[in-house]
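The values are calculated or read from the model by the stated rules, or taken from the named source; none is laboratory data. What you are looking at is a predicted structure, and each value in this text was computed from that prediction instead of being measured. Backbone-built Cβ (ideal geometry, glycine too); neighbour counts: all protein chains shown.
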Amino acid sequence: MTKIQNLSRRNFVKVFGLASGGILLGCSTSGDKKGFIPKLTAEKGFAPNLFINIKKDGNITLIASRSEMGQGIRTSLASAIADELEADWSYISLQQAIGDEKYGNQNTDGSRSVRTMLAPMRKMGATAKMMLIAAAAKKWNVSKKDCIAENHYIVNTKTKEKIFFGDLVEEASKITLSESEEITLKETENFKYIGKTLKSIDLKDFTHGTAVYGIDKRIPNMKFAAIARCPVTFGTIKSVDKSAAEETAGVEKIIQMDRMIPPTGKYFGMLGGVAVVANNTWAAFQGKLSLEIDWDLGDNKAYNTNTYNKKINERLLANGKLVPGSRGNVTNAFKESKQVIEASYHVPHLVHAPMEVPNATAWFQGDRCEVWAPVQDPQTARSEIAHFFNLDIQNITVNVTFLGGGFGRKSKSDFVVEAVALSKEINAPVQVVWTREDDIQHSFYHSSSTQSIKGSFDKNGQVSGWLHKVAFPSIVSSFKPLSDYASGFELGQGFINNPYQIENFRFENAKAEAHLRIGWMRSVIHIHSGFGINSFVDELAAKANKDPLAFHLELLGKDRIIQGKSAYPFDSKRFKNVLRTATEKAKWGKKLPEGHGLGLAIHYSFYSYVATVVEVSSKDDKIKVENIWTAIDCGLVLNKDNVKNQLEGAAIFGMSFTLFGKITAKEGAIEQNNFHDYPMTRMKDAPNIDITIIDNMETAPTGVGEPGVPVIAPAICNAIFNATGKRVRTLPLMDLGMV
């Protein structure tokens, strides 16, 4: 049930800081226990987490609880309220929420925002509309059934009179709705904004340079800091010579910072190092470069990615750890098979490298602290501050700015902890800014992976057995020491939930200890599973002398729905539909120019179905991505423009690590440090990108931001095979001399 409460202006201003009049609504949902159950109680025992403020001039303000990093979530969620409210889009504005549990889960990752927030947002809009209708009915002395909302007015259906929303605010604010009163939502055919294409509500700020990102924040008398960190993860300081740095113009103080180690299973802490505090950012950077530090490199100093990869390969050759989910008897399938093939695939460490580097501004004042930062997870940042600095969490304010990209990096709040520690030390507001070199050399990295896959054909030419072994350092290692095997939730990202109907299936996981901080990156472990599985299916199709499209459809088997443990059943028919759609758009099977090839890949992630076809050309052994066609079924779509933008971005993101991306370590230190040796896809590399969104508005919304990534690498590599006859099993292509 959805509880509705009309909040007084005074109480709202006092608790939530929105100093404006009008109708103030709070909404708390209990339908999704993982989503928006408030963990705190307000004065009257109800802690709303999402809000609308309708003012007397008709303007409507929404408090946005999720972080905006270019994915358009603020616009999408605003449109859900506006649609159910029958509001005029020109009257909608947003205010960003601070980090606070009263807003429910604010962590903006996992492609979950629309999936978990659409229902409460629609109910909020519908409830506000009910109050306005009740107010108008009372004013006209008519039945509520004779009133409808239409484009920011309440209309009397009998007399055709109408009243502007703003003119009803005073009366509507006195309306009390019963919790038992049914909230009626629109039918999909009546949607005004949902499922349409809307311009970003923040477009003017983005294009006029008035959007405030974390790095833009300024406070009177604030200082600026840069931190020298050990080149090897978790190394410490032996000694430091500060003399040259102290002579740098603008440098005011140099501070040695110890590592803050988080408790097991919580938080991120900070690496520690030597901080240079100055009166401007450039001086802080220059002072940092002048430091002479003797480091104790610690336990990870022997980490060498080449040696490590060889060790992992050896482990995969041996029997790994059997993972639940296996079925049938793979050993017998291989013994009785007509043909057995094997292949190994490797993805190196990757780093997020968002355009806006990690940064945070903090002001520690006695028993209080305020932070301004581009964070994806403000509540974790707030909790970390409370833990490490022994503050009452109610005295901590985390202001969320726009993010200049995130991709999962800014869900970790180590850079926030650094700023708070320095502010406390110098007793002044301070902004910590990472350089690009810091960002690439001291990140939470996407894990490297090695996969070994073995498949067999029976006498009828059908795939009879599938043995899949994989090893990669687990994300859990960043929270819990000695987590040397992949966790169940990671293996559930495309591995043990393999979508193909193969009778005999076995999955094994080999040990892979971590020597770097491992973290989430856009689409996470689906990058590995998508690459390995799609590449191997293409190899099986070639061995069977079958068209890859027909082969994928054959492996997906009969139409079936698998309920599973989530609220989103897997539907193979929807999977086949995106595959057929993408291949139709690409004109699969058409005659191509010499040196060109098409490749396809499909993947199910974050409950969405995606298929991609890529066309590449090969000239003088160099590969160019010419065209990309992607189809997605993500259920009910809030804003088609946002979905299109996300999938276009996913294509470019996936191209970057397919063609260029690679993080390597030598003697424990990351060898790459900027975009010259960790390149990105440039304009000259960009292909034509065509996006098709499957119309499935009667189905619950699913993920969008991440599902478009896992298909890109395998589709490119499969296209390379069809263009050149060469198989690519190791990324990136740059290492193979192909770009």
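Looking only at the stretch 504-517, how many residues end up being acidic (Asp, Glu) and touching an Asp or Glu at 6+ places or on another chain (Cβ under 9 Å)? So the count comes out to 1. The strands (runs of 3 or more DSSP E) falling completely within the stretch 589-668 that include 1 or more residues that are within 28 Å of the chain's Cα centre (by Cα), over 17 Å from Ile716 (Cα atoms) and of a type in the set (Ser, Thr, Tyr) map to 596-605, 608-619. The residue list Ala343, Ala333, Ala373 contains one member that is surrounded by 14 or more Cβ atoms within 10 Å (Cβ to Cβ), in the same structural domain as Phe402 (by TED's automatic domain parsing) and not polar (S, T, N, Q), which is Ala373.
Of all residues in the stretch 373-402, those that are closer than 23 Å to Gly272 by Cβ and in contact (Cβ under 8 Å) with a residue 12 or more places away in the chain have Cβ atoms under 8 Å from Cβ atoms of residues that are aromatic (Phe, Trp, Tyr) and surrounded by fewer than 19 Cβ atoms within 10 Å (Cβ to Cβ), 6 or more apart or on another chain, in Pro374/Tyr213. None of Ile716, Ile663 is within 26 Å of Tyr308 (Cα to Cα), surrounded by 19 or more Cβ atoms within 10 Å (Cβ to Cβ) and β-branched (Val, Ile, Thr) except Ile663.
Residue-wise test of (1) assigned by TED's automatic domain parsing to the domain that holds Asn534; (2) among the hydrophobic types (A, V, I, L, M, F, W, C); (3) part of a loop (DSSP other than H, G, I, E, B); (4) in contact with a helix residue (DSSP H, G or I) (Cβ under 8 Å, 6 or more places away or on another chain).
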| residue | (1), (2), (3), (4) |
| --- | --- |
| Thr692 | yes, no, no, yes |
| Asp695 | yes, no, yes, no |
| Glu698 | yes, no, yes, yes |
| Thr702 | yes, no, yes, yes |
| Gly705 | yes, no, yes, yes |
| Pro710 | yes, no, yes, yes |
| Ala715 | yes, yes, no, yes |
| Ala723 | yes, yes, no, no |
| Arg727 | yes, no, yes, yes |
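Exactly one residue among Ser456, Ser483 is over 27 Å from Gly654 (Cα atoms), touching a helix residue (DSSP H, G or I) at 6+ places or on another chain (Cβ under 8 Å), part of a strand (DSSP E or B) and of a type in the set (S, T, N, Q), and that residue is Ser456.
Restricting attention to the stretch 502-529, the residues being part of a strand (DSSP E or B), of a type in the set (D, E, K, R) and within 29 Å of Gly265 (Cβ to Cβ) number 1.
Residues are listed down the side, and each one gets a yes or a no for (1) closer than 15 Å to Arg382 by Cβ; (2) in contact (Cβ under 8 Å) with a residue 60 or more places away in the chain:
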position	(1), (2)
Ser65	yes, no
Ser79	no, yes
Leu85	no, yes
Gln95	no, yes
Ile98	yes, yes
Gly104	yes, yes
Gly110	no, yes
Ser113	no, no
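Could you check the stretch 206-217 and list, in sequence order, the residues that are of a type outside the set (Phe, Trp, Tyr) and in contact (Cβ under 8 Å) with a residue 12 or more places away in the chain?
Of all residues in the stretch 206-217, those of a type outside the set (Phe, Trp, Tyr) come to 207-212, 214-217.
Result: Ala211, Val212, Gly214, Ile215, Asp216, Lys217.
For the stretch 228-266, the tally of residues that are closer than 19 Å to Asn359 by Cβ and out of contact with any strand residue (DSSP E or B) (no Cβ under 9 Å at 6 or more places or on another chain) stands at 0.
Okay, residues lined up against (1) in contact with a Pro (Cβ under 8 Å, 6 or more places away or on another chain); (2) in a loop (DSSP other than H, G, I, E, B); (3) within 30 Å of Ala302 (Cα to Cα):
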{"position": "Phe531", "(1), (2), (3)": "yes, no, yes"}
{"position": "Val537", "(1), (2), (3)": "yes, no, no"}
{"position": "Lys546", "(1), (2), (3)": "no, yes, no"}
{"position": "Asp559", "(1), (2), (3)": "no, yes, no"}
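Scanning the stretch 89-125 for residues that are over 18 Å from the mean Cα position of the chain (by Cα), of a type in the set (Val, Ile, Thr) and under 30 Å from His526 (Cβ atoms) turns up nothing.
From the list Lys138, Lys145, Lys160, which one is part of a loop (DSSP other than H, G, I, E, B) and of a type outside the set (Val, Ile, Thr)? Don't jump to the end; show me each part of the working.
Working: Lys138 fails: part of a loop (DSSP other than H, G, I, E, B); Lys145 fails: part of a loop (DSSP other than H, G, I, E, B).
Step by step, each of Lys138, Lys145, Lys160 is checked, and only Lys160 is part of a loop (DSSP other than H, G, I, E, B) and of a type outside the set (Val, Ile, Thr).
Of the residues making up the stretch 560-595, those that are surrounded by fewer than 20 Cβ atoms within 10 Å (Cβ to Cβ) and either under 30 Å from Asp621 (Cα atoms) or hydrophobic (A, V, I, L, M, F, W, C) (or both) number 15. Here Ala381 fits the description: outside any loop (DSSP other than H, G, I, E, B), buried (at least 24 other Cβ atoms within 10 Å of the Cβ), under 21 Å from the mean Cα position of the chain (by Cα) and of a type outside the set (Phe, Trp, Tyr).
Screening Val417, Val430, Val463 for residues that are in contact with a Gly (Cβ under 7 Å, 6 or more places away or on another chain), in contact (Cβ under 8 Å) with a residue 60 or more places away in the chain and over 30 Å from Phe531 (Cβ atoms) leaves exactly one candidate, Val417.
Can you pull out every residue in the stretch 176-204 that is under 27 Å from Phe402 (Cα atoms) and touching a residue at least 60 places away in the same chain (Cβ under 8 Å)? Tyr193, Ile194, Gly195, Lys196, Thr197, Leu198, Lys199, Ser200, Ile201, Asp202, listed by residue number. Residues in the stretch 214-252 that are of a type outside the set (A, V, I, L, M), assigned to a strand (DSSP E or B) and buried (at least 17 other Cβ atoms within 10 Å of the Cβ): Lys223, Phe224, Glu252.
I'd like to know if the stretch 303-321 contains one or more residues that are modelled with pLDDT of 95 or more, among the aromatic types (Phe, Trp, Tyr) and either within 32 Å of the chain's Cα centre (by Cα) or not in a helix (DSSP H, G or I) (or both). Yes, the stretch 303-321 has at least one match. Do we find a residue being free of Cβ contacts under 8 Å to residues at least 60 places away in the same chain, surrounded by 18 or more Cβ atoms within 10 Å (Cβ to Cβ), under 26 Å from Glu508 (Cα atoms) and among the β-branched types (Val, Ile, Thr) anywhere in the stretch 531-545? Checked the stretch 531-545: at least one residue is free of Cβ contacts under 8 Å to residues at least 60 places away in the same chain, surrounded by 18 or more Cβ atoms within 10 Å (Cβ to Cβ), under 26 Å from Glu508 (Cα atoms) and among the β-branched types (Val, Ile, Thr).
Hey, could you check the stretch 364-378 for residues that are assigned to a strand (DSSP E or B) and not aliphatic (A, V, I, L, M) and say which is nearest to Ala669 (Cα to Cα)? Step by step, filter the stretch 364-378, then rank; the result is Trp372.
Within the stretch 338-363, being closer than 12 Å to Gly465 by Cβ and either assigned to a strand (DSSP E or B) or modelled with pLDDT of 95 or more (or both) holds for Gln339, Val340, Ile341, Glu342.
Among the β-branched types (Val, Ile, Thr) and surrounded by fewer than 23 Cβ atoms within 10 Å (Cβ to Cβ): which single residue out of Val470, Val476 fits that description? Outline the logic, then answer.
Values: Val470 fails: surrounded by fewer than 23 Cβ atoms within 10 Å (Cβ to Cβ).
Of the residues listed, the single one that is among the β-branched types (Val, Ile, Thr) and surrounded by fewer than 23 Cβ atoms within 10 Å (Cβ to Cβ) is Val476.
If you go through the stretch 145-198 and keep only what is within 30 Å of Leu636 (Cβ to Cβ), loosely packed, with under 13 Cβ neighbours inside 10 Å and either assigned by TED's automatic domain parsing to the domain that holds Gly635 or of a type in the set (Lys, Arg) (or both), you end up with just Lys145. All conditions but one from (1) in a loop (DSSP other than H, G, I, E, B); (2) surrounded by fewer than 18 Cβ atoms within 10 Å (Cβ to Cβ) apply to Asp735; the one that does not is (1).
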